[in-house]
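Could you have a look at this structure, given as structure tokens, before my questions?
The values are calculated or read from the model by the stated rules, or taken from the named source; none is laboratory data. Since we're looking at a predicted model, the values are computed, not measured. Note: ideal-geometry Cβ built from the backbone for every residue, glycine included; neighbour counts use all protein chains shown. Ligands, DNA and RNA are stripped out before the accessible areas are found, and what is left, the full protein with its side chains, is counted by its heavy atoms. Shrake-Rupley method; radii C 1.70, N 1.55, O 1.52, S 1.80 Å.
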Amino acid sequence: MRSRKLVHLPCLTPRFPNSSTHLSSAFSPKPPSVLATNVMKSYLEAGLVEEARTLFDEMPDRDVVAWSAMISGYTSCNRPTDAWATFRDMLPDVRPNDFTFSSVLKACKSMNSLPRGAVAHALALRHGFLGSIYVANALVDMYAACCRDMDSARAAFDEIGVKNSVTWTTLIAGYTHMGDGHGGLDVFRRMLLEDAELNPFNVSIAIRACTWIGSQSFGKQIHSTVLKHGFESNIPVMNSVLDMYCRCIGLNDADRCFDEMVERDIITWNTMIAGYEKSDPYKALRLYSSLMSQGLAPNCFTFTSVVAAVANIAILGVGEQLRGGIVRRGLEGDVGVANALIDMYAKCGIIASSCRIFEAMGRKNVVSWTSMMVGYGSHGRGEEAVALFNEMVESGVRPDRIVFVAVLNACSHTGLVDEGLRYFKAMVNAYGIAPDQEIYGCVVDLLGRAGRLQEAYELIEAMPVMPDESVWGAFLGACKAHKLAELGNIAASRVRPSVAGTYLALSSIYAANGEWGDFARIRKILRGMGSKKEAGRSWVEVKNKICSFVAGDKLGSNIDRVYEALHMLGLHIKHAQFNPDLQCLEDDLD
DNA sequence: CCGCCGATAA
């Protein structure tokens with residue numbers, strides 16, 4: 001059946017003999033497949049895959065060029081499975097060329113399919129195209145993306161006799177994307193030693209390798225390399241440099257770098273906002289409003305960072321405004337943006353809104369589930385968090401280390417001790433995730449809260465690495481809660497306390513037991529450290545204004561009404577026959 | 001007429 005659309009393309013109708021006389025004549029029309037392939041390409045560049053496919057199906061003589069265009073088009077339109085199917089369809093009739101193999105290898109990379117990649121490798125070898133630098137580079141990239149290690153990629157790289165700059169960039173990127181910054185930088189150094197050309201591509205990825213390592217000296221070295229080669233006007237390169245400054249060197253230097261940039265794009269601004277999101281959320285918000293006043297269009301990355309900034313200061317009014325901007329721009333379907341909103345609403349206390357967003361999501365990833373679970377957890381709804389975890393596993397999402405932190409915390413606060421221990425075992429045995437200090441801290445907290453301190457202590461003893469402050473902190477917290485001075489002492493003799501909070505926990509155990517001599521000793525050490533535990537701060541948002549206060553604060557003119565309300569609450573507590581632990585209040589009052 | 005590599009967020 002002919003597509004109606006194609007009737008309007010008269011160039012397709014006449015058939016030209018595929019003879020060289022036509023091609024040699026300067027004024028002769030080109031064979032129809034050339035024109036059709038060009039139109040196909042236009043469709044694919046516009047993302048109109050179906051239109052391209054219809055045209056492709058209508059072509060009378062599909063040569064290897066048309067097939068290759070279709071295959072690469074599918075891949076660039078995020079449909080690598082269709083690209084692979086098309087490749088299989090062409091094999092019986094049309095002999096693939098080097099273009100075909102570079103495209104199909106890229107499709108294998110996108111599918112993350114090593115078996116298919118290996119088949120493509122074998123076929124490329126049989127057809128004799130491994131000598132093509134394009135095919136060889138795509139092969140290195142495919143192995144780097146599809147294997148857990150870099151050995152196969154390295155082997156494919158070593159097979160390449162004459163390398164070009166893409167070959168080097170591919171290998172550096174392979175190491176760096178796996179998180180092996182040292183490996184990436186080693187290749188980069190070798191590249192410089194072999195006098196390979198330095199270009200914006202390989203410099204960018206080398207900067208990312210530095211960022212992974214977190215090395216200030218490498219970072220600054222590569223920044224001067226950037227300036228020496230005149231890449232300071234290349235925006236992607238400078239964005240990488242800026243990100244490196246944010247993560248490894250410091251925000252003041254990042255500020256200077258940002259000011260010195262001659263040209264900026266939305267990614268430049270996003271990098272800055274992301275850099276400030278945690279340490280200075282207000283500055284992140286100011287950056288957002290100045291990019292808006294310059295008429296730049298924020299994208300989903302902008303919103304994920306700026307919503308996260310709002311979550312950190314919990315100002316619901318601004319958060320709602322941002323959500324309006326997100327919906328207006330049609331970005332609410334973005335998974336990252338939705339995840340940030342779930343977290344923001346939860347931290348602003350509106351867990352129902354988190355729920356609504358979570359349930360409306362068409363696609364959820366492991367971060368979505370984690371954000372929702374953490375939200376439930378902080379609202380004292382541990383059972384729901386645990387239920388969500390099981391639902392997540394059933395829906396086929398593979399849990400990661402972070403989601404185990406969330407479910408263990410939920411179990412801990414809900415008293416689901418044995419269930420929590422089962423999750424801990426499943427994490428190690430079924431999912432092969434090695435527990436780190438944070439996870440051990442969670443399990444110690446889980447056992448400790450329930451009063452099972454003996455087990456908690458045995459777990460710490462069995463740890464394959466030195467337990468750090470977070471683990472001992474959880475243990476001391478449990479000793480404090482259960483007023484167990486002897487165990488606390490054992491823990492204290494083992495801990496290498498550098499954190500004021502550790503001493504503080506210890507001192508309150510002594511206080512609880514009336515051991516005032518030890519109490520005074522610890523308090524003296526604490527004073528000598530000069531580092532104070534940050535005072536617990538509460539705040540409430542009233543009519544777009546945030547009122548923040550600490551224990552013992554004088555709240556100005558409204559103080560009498562606050563104490564009146566407090567008195568009423570006290571009566572309610574008494575009425576409910578709840579016996580508060582006043583000891584723990586005293587810790588925060590000093 | 002068709003091809004390989006780079007930068008931002010959770």
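What share of Cα pairs, in percent, lie more than 18 angstrom apart in region A:343-472? Please list the in-between numbers first.
Details: 4451 of 8385 pairs.
Looking at region A:343-472, the distances longer than 18 Å represent 53 percent of pairs.
Using the alpha carbon gyration tensor of region A:112-242, what are the three equivalent-ellipsoid semi-axes (square root of 5 times each eigenvalue), largest first, in whole Å? Don't jump to the answer; show the numbers that get you there.
Numbers: eigenvalues 163, 48, 27 Å².
Over the Cα atoms of region A:112-242, the ellipsoid semi-axes are 29, 16, 12 Å.
I would also like to ask the following. Which percent of the Cα-Cα distances in region A:364-432 go past 13 Å? Mind showing how you got there, number by number?
Numbers: 1327 of 2346 pairs.
Above the 13 Å cut-off, region A:364-432 has 57 percent of its Cα pairs.
Still on this structure: If you count, for each residue, the other Cβ atoms within 10 Å and average over each peptide, how do A:78-90, A:219-231 line up from highest to lowest? Please list the in-between numbers first.
On the way: A:78-90: 18.2, A:219-231: 15.2.
Top to bottom by mean Cβ count within 10 Å: A:78-90, A:219-231.
Something else: At 0.890 mPa s and 25 °C, plugging the Kirkwood radius over alpha-carbon pairs of region A:91-137 into Stokes-Einstein gives what diffusion coefficient in µm²/s? Write down the numbers at each step before the final one.
On the way: Rh = 10.6 Å.
Taking Rh from Cα pairs, D becomes 232 µm²/s.
Leaving out ligands, DNA and RNA, what percent of the accessible area of region A:37-152 is carbon and sulfur, probe 1.4 Å? Display every interim value, and only then the final one.
Working: 2770 of 5580 Å².
Here carbon and sulfur together make up 50 percent of the probe-accessible area.
For A:Gly184, what charge total do you get from the other residues with a beta carbon under 12 Å from its beta carbon, if Lys and Arg give +1 and Asp and Glu give -1? If you can, show how the numbers build up before the last one.
Working: positive: A:Arg189, A:Arg190, A:Arg208; negative: A:Asp180, A:Asp186.
Residues near A:Gly184 contribute +1 overall.
Give me the number: length gained by fully extending A:Arg363 to A:Asp63, i.e. 0.36 nm times residue separation minus the C-alpha to C-alpha distance, one decimal in nm.
Numbers: separation 300, 0.36 × 300 = 108.00 nm, distance 3.87 nm.
Full-extension gain reported as 104.1 nm.
Can you list which of the GluC sites (Glu not before Pro) found in region A:213-263 are DSSP loop residues with at most 11 other C-beta atoms within 10 Å? Walk me through the numbers before you get to the answer.
Numbers: sites: A:Glu232, A:Glu260, A:Glu263; in loops: A:Glu232, A:Glu263.
When the GluC sites (Glu not before Pro) of region A:213-263 are filtered for loop state and at most 11 Cβ neighbours within 10 Å, A:Glu263 remain.
Sort the following peptides by mean Cβ neighbour count (other Cβ atoms within 10 Å, averaged over residues), highest first: A:477-485, A:290-298, A:108-116, A:515-523.
Output ranking for A:477-485, A:290-298, A:108-116, A:515-523: A:477-485, A:108-116, A:515-523, A:290-298.
Pop out the carbon and sulfur fraction of the accessible area of region A:234-370 as a percent, whole number, probe 1.4 Å.
Numbers: 3130 of 6040 Å².
Here carbon and sulfur together make up 52 percent of the probe-accessible area.
For region A:260-333 and region A:461-481, what is the separation of their C-alpha centers, rounded to whole Å?
What the calculation gives is 38 Å, centre to centre.
Between A:Val327 and A:Arg401, what FRET efficiency follows from the Cβ-Cβ distance if R0 is 35 Å, with the result rounded to 0.05? Don't skip to the answer; put the middle values down first.
On the way: r = 33 Å, r/R0 = 0.94.
Working from the Cβ atoms, E equals 0.60.
Which values, in whole Å and largest first, are the semi-axes of the equivalent ellipsoid of region A:178-272 obtained as the square root of 5 times each eigenvalue of the Cα gyration tensor? Before the final figure, lay out the partial values.
Values: eigenvalues 88, 46, 24 Å².
Those come to 21, 15, 11 Å.
Nearest 0.05, what FRET efficiency do A:Glu260 and A:His575 give at R0 = 41 Å with Cβ-Cβ as r?
Numbers: r = 64 Å, r/R0 = 1.57.
That gives a FRET efficiency of 0.05.
At 7 Å along the Cα-to-beta-carbon direction for both A:Asp436 and A:Leu193, put a label point, then send me their distance in nm to one decimal.
Going from the A:Asp436 label point to the A:Leu193 one covers 3.2 nm.
Tell me the per residue accessible area of region A:260-349 using a 1.4 Å probe; a whole number in Å² is fine. Show your work: numbers first, answer last.
On the way: 3890 Å² over 90 residues.
Per residue, region A:260-349 has 43 Å² of solvent-accessible surface.
Taking Cα centroids, how far is region A:383-444 from region A:85-150 in Å?
40
Can I ask one more? Might you tell me the accessible area per residue for region A:91-234, computed with a 1.4 Å probe and given in Å²? Intermediate values should be presented prior to the final figure.
On the way: 7200 Å² over 144 residues.
Heavy-atom accessible area per residue stands at 50 Å².
Net charge near A:Ala107: determine it from the other residues with C-beta under 12 Å of the C-beta of A:Ala107, scoring Lys and Arg +1 and Asp and Glu -1. Each step should come with its number before you reach the end.
On the way: positive: A:Arg79, A:Arg88, A:Lys106, A:Lys109, A:Arg116; negative: A:Asp82, A:Asp141.
Around A:Ala107, the charge tally is +3.
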